[in-house]
Each structure stands twice: as C-alpha cells, then as structure tokens.
Amino acid sequence: MCGIAGLIHKTGGSADVGAELTAMLQALKHRGPDSTGFGLYGDSHPNSYVARVKFAEEADMAQDHDIGERIAERKRATDAHLDRIGARVVAATAATPYAYRYELDYNGDLRELADELESVDGTEILSIGRALELVKDLGDAQAVAGKYGLDSFTGTHAIGHTRMATESDVDISSAHPYWAYPFSDISVVHNGQLTNYWTKRRALERTGHRFMSSCDSELIAVYIADRLTRGDALEEALERSISELDGVFTYVVATADALGMAKDLMAAKPMVLCETDDFVALGSEEVAIRRLFNEEIDTFDPYEGEVLVWRT
C-alpha cells in the first residue's frame, strides 16, 4: 500500500515545501498510518552539512527509565567523535528528546564523517547533506510535522512517504525515506517490491557500499548514488534501473538540485503527476496533488517504464 509524494519548484528560490509536503502526505494518510517521512531540500552551503540523527526510539522514552541518561551519553560521545575528525558543531538542536539536528562545518571525507557517527553505540544517522534534511517518525504527516516544526521549512523540493508496516517493525528505523549512505543529498521514496534485492545488495556491497537496513527502498537510493558516482546523469541512472531492478515499483528520487521518478515496465504501482511552468507535484493519488491547488488542474499518469527528471 504505502503512499509516496514529491514536489519541486523548478524556478529555484525558497518556497514553503515543508507545509506543502505535509498537506500532500496528510491526504495519503489512509495509505500508510504507521509512520511518515520527509526528505526536505533547502539551501546548500560549501563545507557545511546538516546531519539528522536519532539516539533512541520514541517508545524507549516510556519503556526505559534510564533512557534520558543513555541519550545524554550518546550525545556526548557523538560530539567527541565529531571533534576528533575536525567537524565543528555550529549548532546541535534537540528536535525531540531522542532526535537531533546538527549543523556542521566540515570539509573532510563524508564517509569518514558518517562512519564516525555510526560508530557511536545507539546513534543512527537519518541523513547527512548540504541541502537534504531527512525527518521521519511515527504518526501521520500533521503529527510528525508539528513535532519537528516542519511547517516553517523553506526550500526548493521535497519527497515524502506514508508507511503501512507489513514486514518490519513500526519504528523510526523502519520508516522511509532512505538516505544513500554515505552520499550527500540523495534520498528515495518507493512504493512496491524488488525481487532481486539481495542479489543487487551483495553486488553493491562487494564494491564497498554499506547498508543500514534491509529495506529495498534503501537499495534504490544506494544504486542511484553508485551510478551517479560512475558518471551517469540522473536520467541515465533512472533509465538503467528499469532494466536492472526487478519487481514492481514506482519510486521518486531527490538530489541536491533535482527530482526524478521511475516506473517499472508493468506499471502496477500508481503515480499521478501535475506539471506547470514552474512547479511539479506527484503522488500515489490525485487527492494529494489537489491539496496544493485551489483552481482546476490537469493531471496525468506516467507510462510504464517511464523516467522523468526535473531540476531547480
């Protein structure tokens, strides 16, 4: 089931993408009431990153009497690891008692930064990016947006996901979108199932890639990141995925300056799209797109095997 959505302001400049995506995802709540995730793209700055990390799950706050002390220990250890590799913490803000937003000045290797953060026991990276901030939690879009203050987020484009848990736990770690570890600003939302997940994952692992979950959506993110590092344009990477990823799928991928979508050759998973001269919105159902327009609009369904890319 699940619901996916994306939007991009093609003319660039800051828009209220947090509020816009919240409205779209709330309209898709019936497709996935368990958790909601946002991949939001704002201003990009050289030599600086925003890292979204979590030190616990929301359920831990009620079930573990010592969780406050554990989170404080993980926060101190994370700060020490960042200092060790020369990543200066500009700001560290508690978005919730268990999830933090770090602003970092850092011009070193991104893999080293990601590995240092991940080496802290109990710390999980949600994203690291110059433009990307990935936020996900339990509940519907309005609940998550309210908890993290996303209605005030301005940027150029965004993707999101509403999840109905079928095969894994209802927790933040299993929520979508997924970031491509450890590549800056690449994230994916996906509706469907990949049947060659383990074959493709092992092939990517043999080339040095690392996975943080067993979710096939993460595989798409890492696959796209791998193709981009090999010199493919985003359009080429998406087109290649149609033949190399088996299964039924529709997915939306975002990078620092682009939004793309791909649909498999069977076109079993829905996608509806509306495009104007300066704006694109797409979602699993038309109701999500109509949340953004007061006037009458034209929508269309991408064809089977279709790839589309837009840039800011």
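Rule-based calculations on the coordinates, nothing more; no lab input. Fair warning: this is a prediction, and the values are worked out from it, not measured in the lab. FYI the Cβ positions are ideal-geometry reconstructions off the backbone, even for glycines, and counts take in every protein chain you see.
Numbers for the structure displayed
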quantity: Formal net charge of residues neighbouring residue 131 (Cβ-Cβ distance under 11 Å; K, R +1; D, E -1); calculated: -3
quantity: FRET efficiency, residue 43 to residue 89 (Cβ-Cβ, R0 22 Å, nearest 0.05); calculated: 0.70
quantity: Mean projected area in nm² (Cα convex hull; one quarter of hull surface) for the chain; calculated: 14.9 nm²
quantity: 10 Å beta-carbon shell around residue 208, net charge (K/R +1, D/E -1); calculated: +1
quantity: Neighbour-count ranking [beta-carbon atoms within 10 angstrom, fewest first] of 36, 250; calculated: 250, 36
quantity: Pair residue 59, residue 301: separation of 7 Å Cα→Cβ label points (nm); calculated: 3.7 nm
quantity: Candidates 146, 39, 129: whichever shows maximal mean-square fluctuation once the chain is modelled as a Gaussian network with Cα springs under 10 Å; calculated: 146
quantity: Alpha-carbon spread of region 164-312, three principal axes, descending order, Å; calculated: 50, 36, 28
quantity: Cα centroid of region 239-278 to Cα centroid of region 83-159, whole Å; calculated: 26 Å
quantity: Scaled radius of gyration (Cα, divided by 2.2 N^0.38 Å) that region 1-53 gives; calculated: 1.36
quantity: Spacing of the two label points (7 Å from each Cα toward its C-beta) at residue 72 and residue 236, in nm; calculated: 5.3 nm
quantity: Share of Cα-Cα pairs in region 102-144 lying beyond 12 Å, as whole percent; calculated: 69 percent
quantity: Neighbourhood net charge (9 Å Cβ-Cβ; Lys/Arg +1, Asp/Glu -1) for residue 153; calculated: -3
quantity: At q = 0.15 Å⁻¹, base-10 log of I(q)/I(0) for region 45-130 (Debye sum, equal scatterers on each alpha carbon); calculated: -0.50
